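Enquirer: The structure follows.
The values are calculated or read from the model by the stated rules, or taken from the named source; none is laboratory data. The structure presented is a predicted model; accordingly, all values stated were derived computationally and were not measured. Backbone-built Cβ (ideal geometry, glycine too); neighbour counts: all protein chains shown. Remember, those area values only see protein heavy atoms, side chains included, never the ligands or the DNA or RNA. Shrake-Rupley method; radii C 1.70, N 1.55, O 1.52, S 1.80 Å.
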Amino acid sequence: MVVSGASTALQLSVFLSKGDGTFQDPFSVPVPAGETPNAIAIVDLDGDGNPDIVLEDCCSDATTGYLRGNGDGTFQPIVPFAGGNNVRAIAIGDWNGDGKPDLALASSPTATSAVSGIVALTNHLNSSVQAMTITSGASFVPGPIAPDSIVTAFGSTLTTGTGAATGDPSVLPTVVANTSVSIKDSKGVSRPAQMYYVSPTQINFLVPAATALGRATISVSAPNGVTAVPVNVIATNPGIFTAGTTGLAVGGGTHVQGTQQFAFNLVFTDPVSSQVLPVPINLGGKTDQVYLTLFGTGFRNRSSLDQVNVRVGGVYTPALYAGPQSQYPGLDQLNFQIPPSLAGSGPVTIQMTANGVLANPVSVVIQ
């Protein structure tokens, strides 16, 4: 953001970054005619995830106000408020501990320096927007999202009801429990997201496959209001499902012994302790082959199979398949062979990258 022009007709301009150290052509922020910006601060006043501008004009007609950001680099017209005359500096903090950004304005009126001082203003903007954290639906790690992947939003009062998708698992609804999710991508296109599950604290949904890469906004519309946050969209953001918080890989395996094949699970629930425990994997004899199938999300858009790197206990093994699982939308599948040299290793960590992006580590136990 740049302030330029003569002292009697200053102009506020925004330069959006191209991400390579250069900027797009500027466009003007709507400042009332005759205003001369004296102090500027950038802060998300209304909690919608978009940066807003706090602006103070100098001199005899000094005006303090804020301009709500639209999330695309443009701003709504200024809304004036009582903040003092000829503010020279603006500080931001949460003065009353309510989680909203408040302001402190340091003023020094030109006509009466004796009344100079600092005015503290608490934020009372009415907004139905609450905090929301966006994570991979498999790893629950916050960060960017990928098109056609399963994503989980966490919050405190995202909606008022609870519900889950029913019927054909390959066809998901866009509204569950009177709640919907939309994603506005970097090209300005807004699309509804298909929904897996809805509750006041957690919403699982599918990112539309056509979502453009770059900056996006995720909005949850519910009976109690709208929750919106910005997020980055990248081609791949791999996540692997685990058994709860154990870190144990979820999936299955196939043991090939000559002409015979035996399927097995990777975890089981102990009937006495109710704990989820690993199933020890027996690699068998020298000619046996053991393959694992893990489930995750966010890696189907990898540029090629060569760009998927799998290491088991630090030992590289080629990915045999890394793409969509056919039954559930957004669910991905990873197939690979356990290197025979790992026999007797005990607990090992499986690490996977797709297009150079690292997934959450998961573990298995090898006899």
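Enquirer: Relative contact order, percent, of the chain when contacts are C-alpha pairs under 8 Å separated by at least 6 residues? Mind dumping the intermediate values first?
Expert: Numbers: 988 pairs, mean separation 38.9, N = 367.
Across the chain, relative contact order equals 11 percent.
Enquirer: Relative contact order for the stretch 204-333: what is it in percent, counting Cα pairs under 8 Å that are at least 6 residues apart?
Expert: On the way: 198 pairs, mean separation 25.1, N = 130.
Relative contact order comes out at 19 percent.
Enquirer: To continue, here is another question. Scaled to the compact-protein estimate 2.2 N^0.38 Å, what is the alpha-carbon radius of gyration of the stretch 183-289, rounded to two decimal places?
Expert: Values: Rg = 21.0 Å, N = 107, 2.2 N^0.38 = 13.0 Å.
Rg over 2.2 N^0.38 Å, computed on Cα atoms: 1.61.
Enquirer: Given all pairs of different Cα atoms, what value in angstroms does the Kirkwood hydrodynamic radius of the stretch 219-367 take?
Expert: Kirkwood radius, the stretch 219-367: 16.7 Å.
Enquirer: Let me ask something additional. If you take the beta carbon distance between Lys18 and Thr162 as r and set R0 to 41 Å, what does 1/(1 + (r/R0)^6) give as a FRET efficiency, to the nearest 0.05?
Expert: Plugging the Cβ-Cβ distance into 1/(1 + (r/R0)^6) gives 0.45.
Enquirer: Now for a separate question. Quick one: if you take sqrt(5λ) for each eigenvalue of the C-alpha gyration tensor of the chain, what semi-axes come out, biggest first, whole angstrom?
Expert: On the way: eigenvalues 561, 89, 71 Å².
Each semi-axis is √(5λ); the values are 53, 21, 19 Å.
Enquirer: Looking at the chain as a GNM with Cα springs under 10 Å, which of Thr162, Thr269, Thr22 has the largest mean-square fluctuation?
Expert: Maximum among the listed residues: Thr22.
Enquirer: So, for the chain, what is the accessible surface per residue at a probe of 1.4 Å, expressed in square angstrom?
Expert: Normalised by residue count, the accessible surface of the chain is 48 Å².
Enquirer: Between Asn282, Asn335, Asn355, which gets the highest mean-square fluctuation from a Gaussian network model of the chain, Cα cutoff 10 Å?
Expert: Of the options given, Asn282 has the highest mean-square fluctuation.
Enquirer: Considering only protein heavy atoms and a probe of 1.4 Å, how much of the accessible area of the stretch 238-367 is carbon and sulfur, as a whole percent? Provide the component values of the computation, followed by the final result.
Expert: Details: 3340 of 6380 Å².
Ligands and nucleic acids excluded, carbon and sulfur reach 52 percent.
Enquirer: Using only alpha carbon pairs under 8 Å that are at least six residues apart, calculate the relative contact order of the stretch 285-367 and give it in whole percent.
Expert: 31
Enquirer: Right, something else. Efficiency by 1/(1 + (r/R0)^6): what FRET value for Tyr291 and Lys187, r their Cβ-Cβ distance, R0 = 35 Å, to the nearest 0.05?
Expert: Result of the calculation: an efficiency of 0.30.
Enquirer: A follow-up question, please. Can you give me the three principal axis dimensions of the stretch 142-226 from its C-alpha atoms, in Å, biggest first?
Expert: Principal axes ranked by extent give 32, 29, 22 Å for the Cα atoms.
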